[in-house]
Each structure stands twice: as C-alpha cells, then as structure tokens.
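> Can you keep this structure in mind? I'll have questions shortly.
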Amino acid sequence: MQTGNAHTGPKAIKLAWIDDNFFLTSGFNKQAEREFALWDSRDLSQSVTRGALGDGLGVGHLYFDEQHNLLFTAGRGEMHIGIYSLDRAQANPLTFITNFTGSTPQKGANIMPKHCLDVDKHEVDRFVRMTNTGIIEYISFKLPNRTGQFQEDLYPPF
C-alpha cells in the first residue's frame, strides 16, 4: 500500500484574458473541486485571488465578454453554460448569475463574434453549442429592456 501523495497526472486548465494584464484560469483545487484563479501577468508568483467555479466534472472552458464583464463557462460533457459577472474590485470577483441548461450534454461551445448579435432584440452574446448527438444550437443571451428601444450603452465599440 502506498502512502502520501500519489501522482495523479497532469491537470488540465483553461485560460481567458480579461484585459492586457489580467487573465482567469479554470481548473481544480487539491480537493478536486472546480475553481478559478485571477492572475496578474506582471507578477505570476501567485494568483490575485481564487474561488469556486460552480459544479462540474470537467474543466470549465472560459469565454469572457470584455464589454459587459461577463464570464461564461462551458464544460465538455456538461449540459449547462454558467454565466458570471466579473468585478475585480470585489474580494470575490466572480458573481454567479445563472446557468443556461440544454437538454443534452455538449461536445463543445464557443462564443460568436459581436457582429453576429441581434441588437434589436437586446442580445449581448450568442453561443454556438454542439451537442453529443451532433445537433448545433444557437443560444442567445439578452439583457432585460423595459423600453424596447435600442440602448447604445449596451453596445460599446468593439
């Protein structure tokens, strides 16, 4: 019987740039719980902060919307896409907003370019998601709008 720390092999991580100096990573802590870490590329000796990154069996693939400070996580084999708000001024910079949950697990997902958005429907992000059954889904993320009018502040230049 072996005692001590057994080698479990390399751990996968994913990375998303927040701006020119900061980036987020997703991976697992020593208790095998999914977590994020915020890093300053000017000092990589330790992360700025760490925290839980929702439930999931796989590494959360990260997609960051710089215009709206939204982080999306989508894990292969999972049925949901997690949505978080990022505010680096807070002690815990990620705030969970909601999950999009599909009816089947995803093989992959990716955020679409901003020029693909339907601004008349207040769409701020759109994902393309491929399911394990080979179906391609387009998922629209919209912000509430009481007036129904175009809101220029939601669509800064990109």
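The values are calculated or read from the model by the stated rules, or taken from the named source; none is laboratory data. Computed from a predicted structure; not experimentally measured. Virtual Cβ from ideal backbone geometry, glycine too; neighbours counted across all protein chains shown. Surface accessibility is based on the protein's heavy atoms, side chains included, excluding ligands, DNA and RNA. Shrake-Rupley method; radii C 1.70, N 1.55, O 1.52, S 1.80 Å.
> What's the number of the only condition in (1) in contact (Cβ under 8 Å) with a residue 40 or more places away in the chain; (2) closer than 21 Å to MET130 by Cβ; (3) crowded, with 17+ Cβ neighbours inside 10 Å that LEU24 fails to meet?
Here LEU24 meets the rest and fails (2).
> Which fully enclosed strands (runs of 3 or more DSSP E) of the stretch 43-147 have 2 or more residues being β-branched (Val, Ile, Thr) and open to solvent by 50 Å² or more (accessible area, probe 1.4 Å)?
Hits in the stretch 43-147: 94-101.
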